[in-house]
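J.: Before I ask anything, here is the structure I am working with.
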Amino acid sequence: IQLDLLRRTNEVNVNQLTPIIGGLDTVISDIRRYIMQLRTDNKQVTVKACIDEMVHKLHLSNNLDIQINAPDEFPPFPPATFQGICLIINEAFSNAVRHSEATRIIVSAVITNIDFRIQIQDNGHGFDLRSNSSSGLGLNNMHKRALFYGGKVDVSSVRGEGTTIDINVPIRSY
């Protein structure tokens, strides 16, 4: 609707496009998330395979250095639970790709006796957490989904240095 109104005025101001592009990015993110949730094969995959698949599906530029440090072992969760956790990882990773203008992204995962820890770290431009107040749809979804599994998401970011997202999900008896 907003694009149609702009087209009719014949005068396009770049500042008018910013909220429209932001809205389209949100819709695209929602569609990606929805498509990932359609996975019905319920097949268990290793932690490394989950992350590798995400990276492959994003068709990333060769200019982006991606390092994956994850165990090539099955997670201590049922397939449906792990798919939900993979959605959190995917959101954090795709946010780094789309918003950070990073040249390097490091994804690390560790399975301990008590928890599953994932860290997504980028060297992008970072952002001020206070001004964004975690208002982004993706950040809110990550927090809610982690909470659903009894976990948490911690975000730290420094302008000019990048962003680190730590995801921690406890291992329960299933």
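J.: Pop out the ³J(HN,Hα) list for segment 124-131 in order, Karplus 6.51 cos²θ - 1.76 cosθ + 1.60 with θ = phi - 60°, rounded to Hz; leave Gly and Pro as x.
T.: x, 7, x, 7, 8, 4, 5, 6
J.: Net charge near Ile51: determine it from the other residues with C-beta under 14 Å of the C-beta of Ile51, scoring Lys and Arg +1 and Asp and Glu -1.
T.: Working: positive: Lys48, Lys57, Arg117; negative: Asp52, Glu53, Asp72, Glu73, Glu91.
Value of the local net charge: -2.
J.: Right, another one. What does a probe at Thr46 reach in segment 75-103, counting residues whose amide N is under 16 Å from the point 7 Å along Cα→Cβ?
T.: Residues 75-77 fall inside that zone.
J.: So how much slack lies between Ile114 and Glu161, counting 0.36 nm per residue of separation and subtracting their Cα-Cα distance, in nm? Before the final figure, lay out the partial values.
T.: Working: separation 47, 0.36 × 47 = 16.92 nm, distance 3.11 nm.
Additional length available on full extension: 13.8 nm.
J.: I'd like the Karplus ³J(HN,Hα) series for segment 19-26: coefficients 6.51, -1.76, 1.60, θ = phi - 60°, whole numbers in Hz, and an x wherever there's a Gly or Pro.
T.: Computed from phi, the couplings for segment 19-26 are x, 5, 5, x, x, 5, 4, 5 Hz.
J.: Show me the ranking of peptides 143-152, 92-101 by mean Cβ neighbours inside 10 Å, starting with the highest. Before the final figure, lay out each step's value.
T.: Details: 143-152: 15.5, 92-101: 19.5.
Taking the mean over residues of other Cβ atoms within 10 Å, the ranking is 92-101, 143-152.
J.: Can you give the local net charge around His125? Use residues other than it whose beta-carbon is closer than 15 angstrom to its beta-carbon, Lys and Arg +1, Asp and Glu -1. Could the numbers behind the result be given before it?
T.: Details: positive: Arg98, Arg104, Arg159; negative: Glu101, Asp122, Asp128, Glu161.
Counting the neighbours of His125, the net charge comes to -1.
J.: Expected output is a single nm value to one decimal: the length gained when fully extending between Asn15 and Asp128, i.e. 0.36 nm times separation in residues minus the C-alpha distance. What is it?
T.: Values: separation 113, 0.36 × 113 = 40.68 nm, distance 2.10 nm.
Full extension of this stretch gives 38.6 nm more.
J.: Ok, one more. Excluding Arg159 itself, what net charge comes from residues whose Cβ is under 14 Å from its Cβ, given Lys and Arg +1 and Asp and Glu -1?
T.: On the way: positive: Arg130; negative: Glu101, Asp122, Asp128, Glu161.
In short, -3.
J.: Lysines near Lys152 by alpha-carbon distance under 22 Å, same-chain residues fewer than 8 away left out - which ones?
T.: Answer for Lys152, where 22 Å is the Cα cut-off: Lys48, Lys144, listed by chain and number.
J.: Projecting each Cα onto the charge dipole of segment 40-169 (Lys/Arg +1, Asp/Glu -1 at the beta carbon, about the Cα centre), which of Ser61, His125, Ser108 comes out farthest on the positive side?
T.: The listed residue farthest towards the positive side: His125.
No value in this document is a laboratory result; all are computed from the given coordinates. Keep in mind that this is a model prediction, so the values were computed, not measured. Heads up, the Cβs are rebuilt from the backbone with ideal geometry, glycines too, and the neighbour counts pull from every protein chain shown.
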